[in-house]
Every structure is written in structure tokens, then in C-alpha cells.
1. If you go through region 35-47 one residue at a time, how many are open to solvent by 30 Å² or more (accessible area, probe 1.4 Å) and part of a strand (DSSP E or B)?
2. Just the residues that are of a type in the set (Lys, Arg) and not in a helix (DSSP H, G or I), please, taken from region 692-740.
3. Among the residues of region 48-86, which ones are assigned to a helix (DSSP H, G or I) and farther than 26 Å from Val400 by Cβ?
4. Would you confirm, using the coordinates I've provided, whether Thr280 is within 16 Å of Ser46 (Cβ to Cβ) and either part of a helix (DSSP H, G or I) or out of contact with any Phe, Trp or Tyr (no Cβ under 6 Å at 6 or more places or on another chain) (or both)?
5. So if I check each of Ala621, Ala566, Ala551, Ala547, which one is surrounded by 24 or more Cβ atoms within 10 Å (Cβ to Cβ) and under 16 Å from Tyr811 (Cα atoms)?
6. Considering only residues that are hydroxyl-bearing (Ser, Thr, Tyr) and surrounded by fewer than 24 Cβ atoms within 10 Å (Cβ to Cβ), which ones fall in region 326-371?
7. Filter region 499-526 down to the residues that are at pLDDT below 90 and either open to solvent by less than 50 Å² (accessible area, probe 1.4 Å) or more than 25 Å from Leu573 (Cα to Cα) (or both) and list them by number.
8. Looking at region 837-858, can you tell me whether even one residue there is charged (D, E, K, R), at pLDDT 85 or above and either surrounded by 15 or more Cβ atoms within 10 Å (Cβ to Cβ) or closer than 20 Å to Glu595 by Cα (or both)?
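The values are calculated or read from the model by the stated rules, or taken from the named source; none is laboratory data. Model, not experiment: these values are computed from the prediction. Note that we place each Cβ from the backbone using ideal geometry, even for glycine, and neighbour counts take in every protein chain shown. Ligands, DNA and RNA are stripped out before the accessible areas are found, and what is left, the full protein with its side chains, is counted by its heavy atoms. Shrake-Rupley method; radii C 1.70, N 1.55, O 1.52, S 1.80 Å.
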Amino acid sequence: MHPFKENINPWLGQTLSLLKIDRIFVKGHGSWLVGEDGRHYLDFVSGYGALPFGHNPKEIWAALEMAKEEEQPGFVQPSFLHSASLLAQKLSKFSGLQYSTFTNSGAEAIEAAIKLARSATGRRGIISTSKGFHGKTMGALSATGKEAFQKPFFTPVEGFYFVPYGDVDALEEFFKKKENEIAAVILEPVQGEGGVIVPPHGYLQGVRDVCSKHNVLLIMDEIQTGLGRTGYLFASESEGVKPDIMTLAKALGGGIFPVGVCLADEDIYTEEFGMKHSSTFAGSSAAAMVGLQVLEMLTKDNGVLLQEVRRKGNRFKEGLKVIASEFPHVISEVRGRGLMLGLDFAVTRHKLPETLLGIIGDQEQLTAVLSGHILNEERLRLAPTLTGSTTLRIQPPLNVKDEEIDYALEALERTARRLAAGNTAAVLSFFLQDKRIIRMDGQLNTPAPRKALKPGKDEGRWAFILHPLDMKSYRDFDRSMNILTDEEIEEITGNWSDVIDPFIVSETRITSPTGDTAFGEFIVVPRTSEELMSSEKDKGLQEIYRAVEMALERGARLVGLGAYTAVISKGGLRLKKIGVPLTTGNSYTVASAMEAVLYASRKLGFCLEKATAAVVGAGGAIGRAISFLAAEKVNRLYLIGNPAHPERTYNRLLGQAARIYQYLSQKIARGTIYPEGTIGNGLAGKQDLPGPEEPLTVFQEFAQNSRGPISISSSCSKHLPSADVAIVATSSIGEFITPEDLKFGAILCDISRPPNVSRRVYEERPDVLVIDGGVIEVAGNPDWGWNFGFKRGLAYGCMSETFLLALEKDYRDISLGTDLNLETINYLQKLEKKHGFRLAGLRSFDRPLDEDRWSELLAIHQHIESGQ
């Protein structure tokens, strides 16, 4: 572990490593950094503006050398601080503000400004602006307009208020409520961390006028904008506005030495503040010498450097605008003044549908990811803004060269091209350890941008929670990932799944032939089946919990649980306290899977009444329910459970066999006549079959002692070779059913997702029919808005149960836990007919069965029936 993670900041260190921006830079000169790998990186972060002349400017070092040669004293308070006084004199000359209170940082300068304003006015209130950023100490953080930074530290403290940035009328309106409480208004001439937001022309003067009208002080935070960054010594200078208090830092240290200052007009500087505010290290000789040299460099030759900042800034901005005009659906705006620029990205799942980039954009993580991409792929160092999460800041040194600007423009154009193409593989390939960079800059036929659907007032409302089953799920969703191996996809997604929250992948509307409609959203937990099953205790459940909460907050009246979200939550039972009705969809999955088996049997001329069936995963919710249905159709039934716990499996399946016998006994007693050859038909004449009123324990004894038609086992390899029909419904991960396990001419229905039947069965056993269980053709052929491996209008049975219940506005818990009841299964079959849902033909390994395969299977089964 690097000492940064071990001894400075493990959480930040983890994030830097995650984004592959954990570089160790060993040298810096001008605009360039040299990593320990020997590569050169163009640094356009510039210490968030604290490097006005790049790295190691010789003039700044010369000022420090002069302080050393003159043996200037370091810290001599209390006394007249000679060098600091000279710097204060210069600052007063350029700003028109009389007094300087030196600090060690920008945040400390803000603290001084707040204290001074309160001291001068005798009032507490400070008005700041939304998305403003003023630092992370308690007072500065209280004035910072982002709750995420404030909440952990119980800020803002009392007396801080916020108004929209750029809106003078809103400020004036606020004074009608709090005029006598307000000491000062604090704002940035250009919001830096808020996304490089330039206010409308006249805004600064308008705020100045409002403050003067209400006898309130104006604090101008020029920590990031001041000292040349916008092409003027002070950004407020461009509108001719003079504040009462101004804060400076960053550039004042010349990129070498930390120094800040709070400048104040003489009319407001109070004795109380002057005598009670101090700082041990502020105003040192070395810091003052650096500050003097910075002012000298910025103002010499009539401010030629500032003129060059304006020229280069305009040139750079125009180049960025050309890029933005070429890719308008991913770049929304170019903002800024001088060499304080921002590139704002408008990437969402609607702008880049069916791409992980669109999802990352929705999560407000895109600019962080792009920073990593640009650093690793283009050797250009940029950073996101903190409160404007869609903006990349571009802040080169003030003495940047034109050819360095050209280098950056070319790098950003290539990046924008990959992004606009929806080329997730190319953008995220920097995550790969082997550094294999995917350079596909052309178009990928990414789906056109989609309009967001909105829910109607009276329609059904649902949400469905799901997750990627495996690496194939990523390829199905995002076609650019097809170029990557499973291992590479796992490496890429593993890097960011810990920081991506559950997200909306799409929304759709289901329309029934009855005219009923149901609007819903698909919400993804970004974990594969394996990740959910192997995650730390309750970690996966917590993510599922957040997804269900999101669904509730967004208006869902019913939430469906897909795949392992149902397994992890114990069939939804561990989520009931959230307060929204839930369904696992297992009841309709059972109904549709059995329907698929019956359809396949009829089409092949396969006589189920003579068949032996096996239910693999018979101890689970789906397996238990489907074994009841199968028992009424077949001649013999194997219940196969988990081999990892044979004793527990035996006891569970023994109870299951007893319940089936009890169920059949009750139906026989009520007059049900089963077809000849079926289990029910055989039991009808069996003298030792317990009566329908007997307790379950009696049926358990019958199941245990008789040589009845239902057998229990924990071994697939023992019983599958004898099964004519097998239904697989487990929560196991992996393909454990192989060609060697199966009877000639068998029918397999694999409900498990990920599938448990190896694809080798399809390739090596043409006599075996493998069908996907529970695939439904949904009424109205809805567009899902994303690709999960099915064509438009097809969905899993578990999804379809959610749709049916929402169309019916049946908002109650259904299909939870392990005990599914046949009444609910029958109810959903009735809803299926009412709302025009139906089995989607037969599919095998997520693809429709083709005619050649059918012809081959039919020929084989004809030979079987003829006894050849």
C-alpha cells in the first residue's frame, strides 16, 4: 500500500486508484508533469488555479532565494511585518481596498471575511448562492451551496442563507424577509466548482447595487478567479465592481508557497477584528516575497500577460466550441472567461441509450471517468468541478503555450468522438491492467436519442429491480462491449460497481387490449449474480433495499424483484418493511414454464402421461410450485435438491413429496379424474394412500415407506439420465448440467438465470430439446428502451407478473417467500388471457428455435415413438 493510502487519506486514495489517476509525479516544469513511469503529462488542472505560471517557475523560486539570501526573518509576530506590509501596499493599490489580513489558505481567508463582515455590521446573516463554493472549513463550508459537503459536518451553522446565482431579483426578494439580519452577500464572480458558471452581464453590478441599497456588505470571493485567471487582475474588475471585502489565495502563492489574503475597505475594518483575529503563520516573509513577485509578473509591461490570457482564452474557447458543435448531443456548453474554462457534458441514458456511458452520465460520474480516460489515453490532466458534476474544468497555466492548447484540443476532440459514438469499450479501456487501449473512434450505430416517458395520472405504476446476470448481460446491453473478453468486462465493471448506485436503465408503458395501461421503470442493481451471492453479509441486500426505496420515491405502487434480487431478499420477505407491495414474479414464471413444457411436448408428439420428469431445484420456491403441476401430468417424478446439504435436502424434499401426495389425494377425493398413466391416476386405485383429511405427517410416512411414483434425491447425475422431461429452477450459479447427464430425446426447460444447462448440450446433443422457461410475449409489443437479450415485446415471466398486476392495479404482496400457492398461479393465468399476454413460442439459450433444429428434433422423436 502506498503511504498516501496508509498515512494520508485511504478513502481518497481508493477513489484515485479506482479512476486510475493515482499517478506519482516526480517532476514538474511549466505546463508539464513527469510521472514515475517517465511519461509526460500536460497539466491543465494547475492545482485548481494555484499554479498561475505552471510548475517550478524560476521567478518565484528567485523570490524565495532572495528571502533566503537576505536572511529575512520567518515569523516575528508581534512586530511590523516588513515584507508583508509591502505586499499589502501593492494589493491596496491594485484593488482599491485599504487593509490586508493575511492567511494561509483560501478557506481561511473566507473565515476572516465572514468574521469581519459580522464585526463591521453587528449582524449574523450571510447570503451565499446555490452551487457556490467557498471552502471546507466550518464557516466557508456553511457558505458552500452543496448539501453533500455540508451534511456530514452539521453545517451550515446558523445564519447562512442561499439564493440562486445570477438572479438579482431573487436576492432583492430575499431582503424583504431578512433585511435586518444580513451582514454580507458572498459570491464568486465566476462560479468555479459550481461548473465554471459565468453570470449574466450586469449581475455583479446588480448585486453591488442591492447590497448598497440595503446597507449590506459585498464579499467577492476571487480565490479562484483572481490574479489573472479570467484575463483581468480581478474578475470583478471586468464589470467595474468594487466589493467591500475581497478574498484571494491560490495564484497569490505562485504555485510554490501557500498564501491567502482577506482585503477590506477602510470603512468596515474594525478595531475588534484587528485586535482579535490573528494567525501564527500568516504574513511570513517568504510568503510575502512570493506574493510580491506574482503581482510583478502579472502587471509588468502594462499587464501584457493578462492581455495574452484573454487572447489565448478566447482562442481556446473557440476551439472547444468547434468540438461542442460537432458533438452537440454529448457536449451541452462551453463556459468560462480567460483561462478559466469548463466543458459541460449532457450525457444521459436518453442521449446515449443502451450504453453504459449513458448510465454513468445519469449517475453524475461521467466527468470523473473522463478525467481518468483523458489522463491515461491522452496524457492530459483535467479534473471535474466539485459541485457542478457534469463539467470538466480546464485551467492551464496563465503562460500556457499555443501549441499546448492545440495538444489539448486534439485530445478532447478524440475523447468527444469516442463518447458521442457510445463507445464504452474505448472510453473505459483505461481501467484494464494490461493497458490494452481500444481505439475505435468511428460510429457504432448507437441507438438514436430517446425522449423520456412520463407517467400518466391514472395508469398503473410499477418498477422492476434486476441486475446483470453475467458478463453477457453487459454485451447484450452495450454492443461496444462485444470487443472485450469476459475477463476484461469484469475488470472494467468491477472498478466502478462499488461507486455506482442502483440506477434507472429505462422506462416503458404496457398497454392491454382492455385499454388499461401501466407505466414503469427498470432499476438495476449493478452487481452480477456471482457478485450478489458472494458479497459480504447483507451488502447485496442493502443495494437491493436502496433500489426498492428509489422505486417507491419515484412513484411505483408495485415493485417486482428479478433474478437474484429475489434470492438475496429471501423471496422479498426481507424487504417488506420498506412499505411498498412486492412480487418475485415466481407464480407467473411457474405457469409460463409449465405451459412451455406442455407446448413443446405437444409439438413433438411427446406423451407426458408415460414420461418420467425431474425437477432440479425442487426445494426452492419455483421448483416446489412446478413440482405440483408436473405431478398431475407425468407418470413418475424425481425431486432433486441441493447436493451441498444432503441431509437437509432430504428432509425438505420429503416434506415436499408428502405435500404433493396430500394435494393429489384431496383432488381425487373431490372427483378429479387423472389421465391414464399419470401419478394421480395410479394413486386413485392405491389402497394405502392416506385419505384427504389425514395430517401431513401421515403423508410423510407414506412418502418415506412406499415405493410410490415420487422419488427424492440430491444427485442430478443419478436421476437425470432417466428423466424424459427435466425442469431446472435453481439459484445456483454456473452450468452444471452437461450432455453426459441427459437421456436420449429428453426435453429440458431451464428457468434458472444464469442458465444451469451448458450450451454444450445444444452443440453436442441434437436429440435434446432445451427450452428457456418463462419467456412471454407482452401485449402491445412494448419497447423496453434497453436490450437485455430479448427482442422488442418479449420479457421474462417474473417481469410479466409485475406488468399484469400493475395493469390490474392489484397492489399487494404476491409470490413472496418459498410457498407459492396454486390459486395465485391460476389467477395470473386468468390475467394473462385478459390482458393479451402469451407464451413467446419456444426459445433455446435466449434465441428462437430455428426450423432446421425443429425438423431434426421431430425426426428424432418420430424414431423414438416408432421404437427405432
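1. Residues that pass the stated criteria total 1.
2. Residues of region 692-740 of a type in the set (Lys, Arg): 707, 718.
Passing the criteria: only Arg707.
3. Initial filter on region 48-86 (assigned to a helix (DSSP H, G or I)): 48-49, 58-69, 82-86.
Residues satisfying the conditions are Met66, Ala67, Lys68, Glu69, His82, Ser83, Ala84, Ser85, Leu86.
4. Values: within 16 Å of Ser46 (Cβ to Cβ): no; either part of a helix (DSSP H, G or I) or out of contact with any Phe, Trp or Tyr (no Cβ under 6 Å at 6 or more places or on another chain) (or both): yes.
Considered against the rule, which asks whether it is within 16 Å of Ser46 (Cβ to Cβ) and either part of a helix (DSSP H, G or I) or out of contact with any Phe, Trp or Tyr (no Cβ under 6 Å at 6 or more places or on another chain) (or both), Thr280 comes out as no.
5. Values: Ala621 fails: under 16 Å from Tyr811 (Cα atoms); Ala566 fails: under 16 Å from Tyr811 (Cα atoms); Ala547 fails: under 16 Å from Tyr811 (Cα atoms).
The unique qualifying residue is Ala551.
6. If we filter region 326-371 for residues that are hydroxyl-bearing (Ser, Thr, Tyr), which is where we start, we get 332, 348, 355, 367, 371.
Of everything in region 326-371, those that are hydroxyl-bearing (Ser, Thr, Tyr) and surrounded by fewer than 24 Cβ atoms within 10 Å (Cβ to Cβ) turn out to be Ser332, Thr348, Ser371.
7. Taking region 499-526 as the starting set, the residues that turn out to be at pLDDT below 90 are 499-501.
Scanning region 499-526 gives Val499, Ile500.
8. yes
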